[in-house]
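Notes for the one structure printed next.
The values are calculated or read from the model by the stated rules, or taken from the named source; none is laboratory data. Being a predicted model, the structure only gives us computed values, none of them experimental. Glycine also receives a Cβ, built like all others from the backbone with ideal geometry; neighbour counts cover every protein chain displayed. Protein only, heavy atoms only, side chains kept; ligands, DNA and RNA dropped before computing areas. Shrake-Rupley method; radii C 1.70, N 1.55, O 1.52, S 1.80 Å.
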Amino acid sequence: MKLSSSESWEVEPGELVRWRAVPGGAANQSSAPVSENERFHLASLASGQPGWMALTLDFPEQIDADVFGVVVGTIIARHDALRSHYVRTGDGVTRLLHPGVDVKEELRETVDGLSAKAFASRLTEYIGATCNPFEPMPHFLAAVTRPGGTTLICAFDHCYVDARSLAVVAAEICELVAGRGPAPAESGLDALRAIAECEASVTSDDPRLGGWERFLTATGWTVPEFPLDLGIAPGDALPVHTMVRTLLSGDDAATFSSTVHRRGARTYPAVLTCAGMAISAAGGPDEVATVVPTGSGAGPGCVSWSVGNAPLLISATGDLFAAMYRNTRRLAAALPLAEIGLTPVYAAFGDRLRPGRSDVFMMSYVDYTRLPMPRGDVVVRQISSQKPTDTAQWWFWRDRDGIHVRVRYPHTERAVAVLGDTLDTMQTLLDSVLDPVSAADAG
């Protein structure tokens with residue numbers, strides 16, 4: 001899996017085929033409540049903020065588009081969350097669920113005379129016009145076939161999928177294209193029910209609320225924002241731009257993991273430590289406050305947006321390996337805090353929170369080597385929609401090719417300089433873990 005964004009997306013033109021998912025059967029109200037993530041997201045859509053995620057699979061051979069029409073229909077039929085949509089009610093939003101789906105071809109045209117970037121820009125416009133979660137099955141489903149390969153594009157509003165879900169869909173698509181049956185799907189709506197049940201069980205004396213209180217006290221009762229000046233004034237927002245870097249190759253990532261494991265640390269908090277120390281070296285604090293998205297309630301075959309939010313203070317001073325050890329313990333302690341959801345947190349402490357940036361400084365990590373993987377010759381990408389932002393957000397991911405980072409930020413000259421320098425410092429810290437191993441191997 002490779003992470004990218006719509007402003008840098010490119011697709012080679014060819015024959016474009018689009019399908020439309022049509023509900024099969026009458027919709028019924030779902031017993032799965034609308035989650036806090038979905039509510040916040042739908043509110044931002046109402047204010048004009050797009051929020052879709054696209055999955056692209058580049059196959060090295062030309063594949064009959066009709067094959068993909070059957071495949072995408074099977075994918076939607078397998079996953080109940082993809083057969084749902086949202087309806088505004090007098091007091092909020094509810095979810096409707098259709099029992100089945102029909103996929104119908106709605107367009108077939110040959111596209112030529114466009115650059116790869118211009119064609120991707122056109123597809124972005126199509127996706128934005130399609131992915132309205134207040135319409136039944138509002139998914140953008142298309143394929144581009146050429147003599148030298150085929151690109152399948154499946155785009156969903158964020159309400160339906162998260163990064164892990166897209167990995168599940170990608171693996172299932174490759175299985176179906178190969179004529180094999182994927183493993184049984186799990187209910188994404190059941191995962192959302194489990195999250196809601198956990199939230200409902202939280203009482204005022206829940207110790208996890210105490211963990212949130214300690215974190216918010218440390219942040220001065222503000223939601224975390226990127227702690228370096230990115231050249232954007234409070235209250236402003238600018239178009240998001242993206243930096244993507246490979247931090248460690250596949251072999252170096254394995255060496256890094258084994259090295260930090262011997263020191264009592266884990267890979268993700270060790271990477272966060274290097275990021276935190278780089279931020280601190282650029283003028284940031286000794287304790288870097290961030291929010292870490294976590295898996296919540298979802299099984300391995302589940303497709304839905306079932307993500308929690310864990311508060312984390314990254315220790316960013318002292319000996320590197322000692323900090324990695326501390327942050328490994330801190331992350332382990334923070335993960336249970338995500339289980340209660342943000343609704344009880346806002347209920348308990350909302351009147352004490354101070355206004356800050358509109359976006360939250362998050363540092364996410366997905367290890368795709370632990371998820372079902374498509375066949376090796378298929379290039380899989382996650383494309384995120386572009387929208388205005390006022391802070392930086394970091395996504396780390398690991399795949400066959402190593403450990404990578406995508407940083408999304410408000411596009412200013414200062415942000416480009418600050419984040420570029422910070423990533424350079426982070427790279428130096430990561431390399432310092434590998435250098436003794438390389439020297440020993442050479443010896």
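Candidates are the residues of the range 350-389 that are open to solvent by less than 40 Å² (accessible area, probe 1.4 Å) and of a type in the set (D, E, K, R); the one that is farthest from Gly220 (Cα to Cα) is Asp367.
Search the range 390-409 for residues being in contact with an Asp or Glu (Cβ under 8 Å, 6 or more places away or on another chain) and surrounded by fewer than 23 Cβ atoms within 10 Å (Cβ to Cβ), and hand back the single one that is nearest to Pro269 (Cα to Cα). Across the range 390-409, the extreme among qualifying residues is Trp397. Within the range 112-131, being aromatic (Phe, Trp, Tyr) and open to solvent by 40 Å² or more (accessible area, probe 1.4 Å) holds for one residue alone: Tyr126.
When every residue of the range 104-116 is checked against the conditions, none turns out to be assigned to a strand (DSSP E or B), touching a Leu at 6+ places or on another chain (Cβ under 7 Å) and β-branched (Val, Ile, Thr). Just one of the numbered conditions (1) within 30 Å of Leu82 (Cβ to Cβ); (2) open to solvent by less than 20 Å² (accessible area, probe 1.4 Å) is not true of Cys274: (1). Could you please find all residues in the range 282-299 being out of contact with any Asp or Glu (no Cβ under 9 Å at 6 or more places or on another chain), in contact (Cβ under 8 Å) with a residue 60 or more places away in the chain and surrounded by fewer than 20 Cβ atoms within 10 Å (Cβ to Cβ)? The one that is out of contact with any Asp or Glu (no Cβ under 9 Å at 6 or more places or on another chain), in contact (Cβ under 8 Å) with a residue 60 or more places away in the chain and surrounded by fewer than 20 Cβ atoms within 10 Å (Cβ to Cβ): Glu287. Residues in the range 5-48 that are open to solvent by 20 Å² or more (accessible area, probe 1.4 Å) and over 29 Å from Leu189 (Cβ atoms) were compared, and the one that is farthest from the chain's Cα centre (by Cα) is Glu15.
Would you mind stating whether Gly90 is more than 20 Å from Ile75 (Cβ to Cβ) and more than 26 Å from the chain's Cα centre (by Cα)? When the stated conditions are applied, Gly90 passes them.
The residue pairs whose first member lies in the range 106-131 and is in the same structural domain as Val144 (by the TED database) and over 15 Å from Ala143 (Cα atoms), whose second member is modelled with pLDDT of 95 or more and open to solvent by 50 Å² or more (accessible area, probe 1.4 Å), and whose beta carbons are closer than 6 Å, counting only pairs six or more residues apart or on different chains, are Lys117/Glu10.
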